[in-house]
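Single-structure report; data block below.
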Amino acid sequence: MSEATLGSPPDTAFGSASAPPATLHGRLRFPLPQTIRGILVLLLAVVFIPLGLVQTSVYYNRARTQRAQAEQTEREVARAVAMTFDAFVQDILHAELTVGMALTSYPPPLPDQVDRLVVAAGGQYSALRSLSWVDARGHVLAASLPADMGGDVSGTPYLQEVVQGREW
């Protein structure tokens, strides 16, 4: 057997002086860097590429979690607003019922008592434009706004539906 000199390719089992480059499992060729700079770049890539992938995954999961928390908070706020609005509407309906029962009581109230009651009930809710007491023919008998007094709402679809028996 001959001795290999430094820098010359080693002998192979078949006696050939040129050996194939390094291979993975004998099929894929994977060129390894030949310089120190190339080896350092390869080491840095081996360390930082997986680290970058892990950081990307962490930031993505954090953003997804924050988005889910924000959506949950928005749903809770929407539910609270809906419940508050529903309570407000129910309170207005309760006030209307109270006024209606007072106006239909026996003995009937005097006309100026009716006006004061409707104006007081309408003034409790700044969200209401006006509160009116209307007879079955659509004539406004009392209203919280003086401009609505004596008006005629007989042509409105909602009054016709209520007169026909639809529940308010």
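The values are calculated or read from the model by the stated rules, or taken from the named source; none is laboratory data. From a predicted model like this one, the values you see are computed outputs, not experimental measurements. Ideal geometry is used to build each Cβ from the backbone, glycine not excepted, and the neighbour counts take in all protein chains shown.
Summary table
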quantity	calculated
Exclusive hit being part of a helix (DSSP H, G or I) and either farther than 30 Å from residue 135 by Cβ or of a type in the set (Gly, Ala, Ser) (or both), set 113, 66	66
Among the residues listed as 111, 107, the single one being surrounded by fewer than 10 Cβ atoms within 10 Å (Cβ to Cβ), modelled with pLDDT under 90 and either under 22 Å from residue 163 (Cβ atoms) or not aliphatic (A, V, I, L, M) (or both)	107
The listed residue being in contact with a Gly (Cβ under 8 Å, 6 or more places away or on another chain) and not basic (Lys, Arg), out of 100, 155, 151, 123	155
Residue list for segment 121-148, restricted to those being part of a strand (DSSP E or B) and either free of Cβ contacts under 8 Å to residues at least 12 places away in the same chain or not hydrophobic (A, V, I, L, M, F, W, C) (or both)	132, 139
Identity of the residue in segment 122-168, of a type in the set (Phe, Trp, Tyr) and loosely packed, with under 13 Cβ neighbours inside 10 Å, that ends up nearest to residue 100 (Cα to Cα)	168
Any pair with Cβ under 7 angstrom, 6 or more apart, that starts in segment 149-168 at a residue that is without any contact (Cβ under 8 Å) to a residue 40 or more places away in the chain and ends at one that is in a loop (DSSP other than H, G, I, E, B)	152/138; 153/138; 154/137; 154/138; 159/138; 159/153; 162/168; 163/136
